[in-house]
Amino acid sequence: MPYTYASYMAVGALTSSYGHMDGKVDEVRVYNRALSAQEIQDLYNTSTSLGTTALVRSNHDICTGITSKVTATSMPPTITLLSVEADVGADSNVTLTWETAKEIDNAVFNLYRARRRNGTYTQINNAPINAKGDTVSGISYSFMDTPQRRGTYYYKIGDANYNRATTMHGPVKVRVKR
């Protein structure tokens, strides 16, 4: 008979077989990839409270008697945005370009367009634009939009983390003349 293996993650456990510690756990993050030494150092230097707290008390029974209270909030990614530009080409297409210096916990970008500065912004990219920067270096991005008619348009860029918490940047304004 083949063996069945299970994966476990214990946070705040004394060991995997001796129960749980009594106390508080401070600032736990789980990533879907290994972080570089520089990323860890940057997170340590720039870290703020994630708004996540956990208090676990146990009667030292590994499976029963555990009570917990967890309150969590999803913090937006932290990016350092160097520039955001929108340029109208001779063909009346709008090219959006933006550059980051670094990106912490950033998963994707989405782009939004409105007819008025304080109007309703509609997402214009069909699929999210995957983040390519990291905590050490940023990168340049671009996207081409084809507005259906002439006029003034406003664009915003939204960066989102893996929990979909989003930060909006902009707007930038362009005038399309067809």
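For Ala131, indicate whether it is buried (at least 18 other Cβ atoms within 10 Å of the Cβ) and either closer than 22 Å to Thr80 by Cα or not assigned by TED's automatic domain parsing to the domain that holds Ala34 (or both).
Considered against the rule, which asks whether it is buried (at least 18 other Cβ atoms within 10 Å of the Cβ) and either closer than 22 Å to Thr80 by Cα or not assigned by TED's automatic domain parsing to the domain that holds Ala34 (or both), Ala131 comes out as yes.
Among residues belonging to region 69-89 that are over 19 Å from the mean Cα position of the chain (by Cα) and modelled with pLDDT of 90 or more, point out the one that is surrounded by the fewest Cβ atoms within 10 Å (Cβ to Cβ). Spell out how you get there, then give the answer.
Here is the first cut: in region 69-89, the ones over 19 Å from the mean Cα position of the chain (by Cα) are 69-71, 85-89.
Now drop any that are not modelled with pLDDT of 90 or more, which leaves 85-89.
Details: Glu85: 13, Ala86: 22, Asp87: 12, Val88: 17, Gly89: 10.
The qualifying residue surrounded by the fewest Cβ atoms within 10 Å (Cβ to Cβ) is Gly89.
Given the structure, is Asn130 at pLDDT 95 or above and of a type in the set (S, T, N, Q)?
Criteria not met by Asn130.
List the pairs whose first member sits in region 149-178 and is closer than 14 Å to Asn93 by Cα and of a type in the set (D, E, K, R), whose second member is modelled with pLDDT of 95 or more and loosely packed, with under 15 Cβ neighbours inside 10 Å, and whose Cβ atoms are under 7 Å apart, counting only residues at least 6 apart or on separate chains?
Here the result reads Lys173/Thr152; Arg175/Thr152, each pair linking region 149-178 to a residue that is modelled with pLDDT of 95 or more and loosely packed, with under 15 Cβ neighbours inside 10 Å.
The values are calculated or read from the model by the stated rules, or taken from the named source; none is laboratory data. Keep in mind that what you see is a predicted model, and the values were worked out from it rather than measured. With ideal geometry, Cβ positions are generated from the backbone for all residues, glycine too; neighbour counts draw on all protein chains shown.
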